[in-house]
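Notes for the one structure printed next.
The values are calculated or read from the model by the stated rules, or taken from the named source; none is laboratory data. Model, not experiment: these values are computed from the prediction. Cβ coordinates were reconstructed from backbone atoms using ideal geometry, including for glycine residues, and neighbour counts include every protein chain displayed.
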Amino acid sequence: MAKKGLGKGLGTIFGDESENILEGAVSNVKISLVEPNKNQPRKNFDLDKLEALAQSLKENGMIQPIIVTKIKEGRFSIVAGERRWRAAKLAGFSEVPVIVKDYSDQTITEVALVENLQREDLNPIEEALGYKSLNDLYGLTQEEISQKVGKSRSAVANSMRLLALDKEIQKHLIDGLISEGHARAALSLDSKELREFLINQVINNALNVRQTETLAKQLQKEPKEKKEKKKDIYKIELERIEKRISSSLGTKVRISHGDKKGKIEIEYYGNDDLERLLELLKI
């Protein structure tokens, strides 16, 4: 049987009398009346760790109450403590201790994000999505977000940049196959193919962050070098054509070539030379 947590049990009076729960006080409520916050930044919960926490709750009870806010029909939405709530369900608790707070939607999102950051419960993508939600839903700037979560603006900015990564690379980051340092190195590459190649090299060869950054710089140079090499070959071919035409016409010829148009310039020296060229060109 689950041990009682903190506060007075309200299982017998909960129904229509839920308003009797005092804000800020610790009270026991039916676990079935508590539900996760849909804007909770944390989406992934390790089942093994939850089961370990559930065993601890069976032995010691829930020492720290769950922070909730009232929603419709006598139900509560979790502000902070979803992991403890999930573990309590696994442990078979019928009630959980809660503290009811009258928070705005923005404050709920902020508190949930800060709690998870302090506990280091979020993976890098969840953290970035948490910052993005504060920006998208409430218009907070990166500077304002940094002040609320206690991190530097650059840390917030670098975190949000991770959302520009391809979904597959984001998944590797969520699964812990790569670190944020690896991911930031991938962001320096312009094409999806190069980013995927880089991350595959990281995973297959266990590259550290410094090795990954070095490889990324090499991959950045290669397309430029190939483009310049192609340009050099093209220039040599144009010069060869210029020489052939010049030799055929017996005068200097210049070719200016662009992506969509170009021109050929033929020099002549006086009227007689022009007549000669016209005859050669059969004009």
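Contact annotation: residue pairs with Cβ atoms under 6 Å, 6 or more positions apart or on different chains, pairing a residue in the range 261-283 that is under 17 Å from residue 241 (Cα atoms) and among the charged types (D, E, K, R) with a partner that is at pLDDT 85 or above and surrounded by 12 or more Cβ atoms within 10 Å (Cβ to Cβ), are 265/254; 267/251; 267/252.
Residues in the range 82-118 that are surrounded by fewer than 17 Cβ atoms within 10 Å (Cβ to Cβ) and either without any contact (Cβ under 8 Å) to a residue 12 or more places away in the chain or of a type in the set (Asp, Glu) (or both): 102, 104, 105, 107, 118.
Matching residues to (1) surrounded by 18 or more Cβ atoms within 10 Å (Cβ to Cβ); (2) within 25 Å of residue 40 (Cα to Cα):
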{"residue": "121", "(1), (2)": "yes, yes"}
{"residue": "136", "(1), (2)": "no, yes"}
{"residue": "144", "(1), (2)": "no, yes"}
{"residue": "152", "(1), (2)": "no, yes"}
{"residue": "161", "(1), (2)": "no, yes"}
{"residue": "173", "(1), (2)": "yes, yes"}
{"residue": "183", "(1), (2)": "yes, yes"}
{"residue": "192", "(1), (2)": "no, no"}
{"residue": "203", "(1), (2)": "no, no"}
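Among the residues of the range 231-279, the ones that are at negative phi and either loosely packed, with under 10 Cβ neighbours inside 10 Å or part of a helix (DSSP H, G or I) (or both) come to 33 in all.
As a summary of the residue check, residue 122 satisfies the conditions (1) without any contact (Cβ under 8 Å) to a residue 12 or more places away in the chain; (2) closer than 23 Å to residue 169 by Cα except for the one numbered (1). Say we look at the range 59-81 and pick out the residues that are buried (at least 16 other Cβ atoms within 10 Å of the Cβ) and more than 23 Å from residue 107 (Cα to Cα); which of these is nearest to the chain's Cα centre (by Cα)? Checking each candidate, the answer is 62.
In the range 112-216, counting only helices (runs of 4 or more DSSP H) that sit wholly within it, the ones holding 1 or more residues that are more than 14 Å from the chain's Cα centre (by Cα) span 124-138, 142-149, 153-161, 192-205. Could you grab me the full set of residues in the range 170-192 that are of a type in the set (A, V, I, L, M) and either in contact with a His (Cβ under 9 Å, 6 or more places away or on another chain) or more than 23 Å from residue 117 (Cα to Cα) (or both)? Of everything in the range 170-192, those that are of a type in the set (A, V, I, L, M) and either in contact with a His (Cβ under 9 Å, 6 or more places away or on another chain) or more than 23 Å from residue 117 (Cα to Cα) (or both) turn out to be 173, 178, 183, 185, 186, 187, 189. Scan the range 149-189 for residues that are free of Cβ contacts under 8 Å to residues at least 24 places away in the same chain and among the hydrophobic types (A, V, I, L, M, F, W, C) and jot them down. 155, 157, 164 - these are the residues of the range 149-189 that are free of Cβ contacts under 8 Å to residues at least 24 places away in the same chain and among the hydrophobic types (A, V, I, L, M, F, W, C).
Yes or no, residue by residue, for (1) surrounded by fewer than 19 Cβ atoms within 10 Å (Cβ to Cβ); (2) at pLDDT 85 or above; (3) over 27 Å from the mean Cα position of the chain (by Cα); (4) in a loop (DSSP other than H, G, I, E, B):
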{"position": "19", "(1), (2), (3), (4)": "yes, no, yes, no"}
{"position": "22", "(1), (2), (3), (4)": "yes, no, yes, yes"}
{"position": "29", "(1), (2), (3), (4)": "no, yes, yes, no"}
{"position": "48", "(1), (2), (3), (4)": "yes, yes, no, no"}
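Among the criteria (1) assigned to a helix (DSSP H, G or I); (2) in contact with a Ser or Thr (Cβ under 8 Å, 6 or more places away or on another chain); (3) farther than 20 Å from residue 137 by Cβ, the one residue 83 does not fulfil is (2). Looking at the structure I just gave you, is residue 56 touching a Lys or Arg at 6+ places or on another chain (Cβ under 7 Å), surrounded by fewer than 21 Cβ atoms within 10 Å (Cβ to Cβ) and of a type in the set (Ser, Thr, Tyr)? It is false that residue 56 is touching a Lys or Arg at 6+ places or on another chain (Cβ under 7 Å), surrounded by fewer than 21 Cβ atoms within 10 Å (Cβ to Cβ) and of a type in the set (Ser, Thr, Tyr).
Reported count of residues in the range 133-154, each being within 16 Å of residue 112 (Cβ to Cβ) and small (Gly, Ala, Ser), is 2. Every listed requirement among (1) of a type outside the set (S, T, N, Q); (2) modelled with pLDDT of 90 or more; (3) under 21 Å from residue 125 (Cβ atoms) is met by residue 148 save one, (2).
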